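S.K.: Before we start, here is the structure in question, set down as structure tokens.
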Amino acid sequence: MTDVAAARALLSAHDPLSQRQEELDDLAIERMWQDLTRRVEVGTPPSVRGPVRRDPRTVRSAVASIVVLALVAVGVAIASGGGSSTRHYVALQPLDYSRALDPVRAAPVLDQLASAAQAQPAAGTGTWYYLESASWSTFAGGDANARPAGMPTVVEQWIRDDGVQRVVTHSDLPAPAAGLDAWLRAGLPLTGGRVQTHTGTAAAGQFPKQLSTDPATLEDQLLTAEVGSSARGAPGAVPRSEELIAAVKDLRAQRAMTPALQAAVLRMLAAQPSIVSLGTATDRLGREAQAVGLDSSTSGLPTRHVLLFDPTTGELLGAEDILTKSAGQLGVPIPSVISYVIYVRDGLVRSDTSVPPPL
């Protein structure tokens, strides 16, 4: 048994996936890391509680990383094949937002995007919903000399109306000599790396099959799906607008949205006074976008959660999390992007091997 496997076995009783307590986002990992290392150093049991994550694979990876960091902090080497490894955090430069320094309330922009979404034609025909997304987080760590920083994992998913799904994950993609930007602009060529394919029946959906196109009703449905009716408004709960942004990203990853539903999502966000317009930006695929954001310190570090929308269709193109004032123990510059997701292409298709054109 390796040291990492032994650490996992030792702390399995504290697995946050089984504890299912508070919400975990990427920055909560930083808070957990600080608590674990501090308490290991002084010899007291860690008080950190393991929050739940929407993706169980992310939870287990994050917790294993924190355990490794805590052990390294007190001089326990994590070795493999006689060597040792340490965690190295990297981050990316934020996009160039035209109103980053003087954001204004996002309601007018979001209402305009809602009108653009409402005017779109109905989706084409097809029995499968396809989505290709690329995501990356600084918590993946890596070699200090690895280049380029920010290489994502790419996921292709096909979901049929009856819940049957096929998911293809492309990970450990080779770093291109031309750099991350060139790879993205080339359309994310998926050559090399590891490919894993999963087929089966999807678990019960997070969201109701029928979502309202009334913004207020939709807000209630999304909050209930995201945190549960009993947790809403509880002491220490994540602010409403922050949960709604998380819900919008979850919804984007799980189903095709009609123009009416997309418009309702945008009008719902427009009703949140804490969401601001960051102006326009060019996303990592070279697409023009309208950016809105929410500033929060819920996870322990001041963070700006950004959503990027297509100005002509109102469709969500991607999202980024940016550290704005402090990096804590991460040791990355400020400001820094510590996670991103890019929606590369999506649409209804006829089979679980066909794909639509890029967005």
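Please treat every number below as a calculation from the coordinates, not as lab data. The model shown is predicted, which means the values in this text are computed figures rather than measured ones. For neighbour counting, all protein chains shown are included, and Cβ atoms are generated from backbone atoms with ideal geometry for every residue, glycine included.
S.K.: So between Asp214 and Ile334, what do we pick up on full extension, going 0.36 nm a residue minus the alpha carbon distance?
M.R.: 39.3 nm
S.K.: Could you run the Karplus curve 6.51 cos²θ - 1.76 cosθ + 1.60 with θ = phi - 60° over the stretch 347-357 and give me ³J(HN,Hα) per residue in whole Hz, x for Gly and Pro?
M.R.: Each residue of the stretch 347-357 in turn: x, 7, 10, 8, 8, 8, 10, 8, 9, x, x Hz.
S.K.: Something else about it: Only Cα pairs under 8 Å and at least 6 apart count here; give the relative contact order of the stretch 153-284 as a rounded whole percent.
M.R.: So the answer I get is 21 percent.
S.K.: Using Cβ contacts closer than 10 Å as the measure, can you line up Asp220, Asp310 from fewest to most?
M.R.: With the fewest neighbours first, Asp220, Asp310 line up as Asp220, Asp310.
S.K.: Still on this structure, I have one more. Find the eigenvalues of the gyration tensor of the Cα atoms of the stretch 104-349, then list the square roots of 5 times those eigenvalues as equivalent ellipsoid semi-axes, largest first, in whole angstrom.
M.R.: Values: eigenvalues 148, 117, 69 Å².
After scaling each eigenvalue by five and taking roots: 27, 24, 19 Å.
S.K.: Let me ask something else about it. May I ask you to sort Leu211, Leu348, Leu301, Leu113 by Cβ crowding, counting other Cβ atoms within 10 Å and putting the fewest first?
M.R.: Ordered from fewest to most neighbouring Cβ atoms within 10 Å, Leu211, Leu348, Leu301, Leu113 come out as Leu348, Leu211, Leu301, Leu113.
S.K.: Counting other beta carbons within 10 Å of each Cβ, put Phe139, Phe309, Phe207 in order, fewest first.
M.R.: Fewest-to-most Cβ neighbours within 10 Å comes out as Phe207, Phe139, Phe309.
S.K.: Right, another one. In nm, to one decimal, how far is the Gln196 label point from the Asp102 one, both placed 7 Å along Cα→Cβ?
M.R.: 4.8 nm
S.K.: How far, in nm, would the chain grow between Arg240 and Thr224 when pulled straight, counting 0.36 nm per residue and subtracting the alpha carbon separation? Intermediate results must be reported in sequence, preceding the final value.
M.R.: Working: separation 16, 0.36 × 16 = 5.76 nm, distance 1.10 nm.
Full-extension gain reported as 4.7 nm.
S.K.: Which cross-chain or sequence-distant (5 or more) residues have an amide H under 5 Å from the amide H of Val344, H modelled 1.01 Å from N in plane?
M.R.: Glu132, Ser133, Ala134
S.K.: Enumerate the calculated ³J(HN,Hα) couplings along the stretch 335-343 in order (Karplus 6.51 cos²θ - 1.76 cosθ + 1.60, θ = phi - 60°), each rounded to whole Hz, writing x wherever the residue is Gly or Pro.
M.R.: x, 9, 7, 10, 7, 8, 9, 10, 8
S.K.: Between the stretch 232-308 and the stretch 161-230, what is the separation of their alpha carbon centroids in Å?
M.R.: 16 Å
S.K.: Simple spin-label model, 7 Å along Cα-to-Cβ: Asp172 to Ser326 in nm?
M.R.: 3.7 nm
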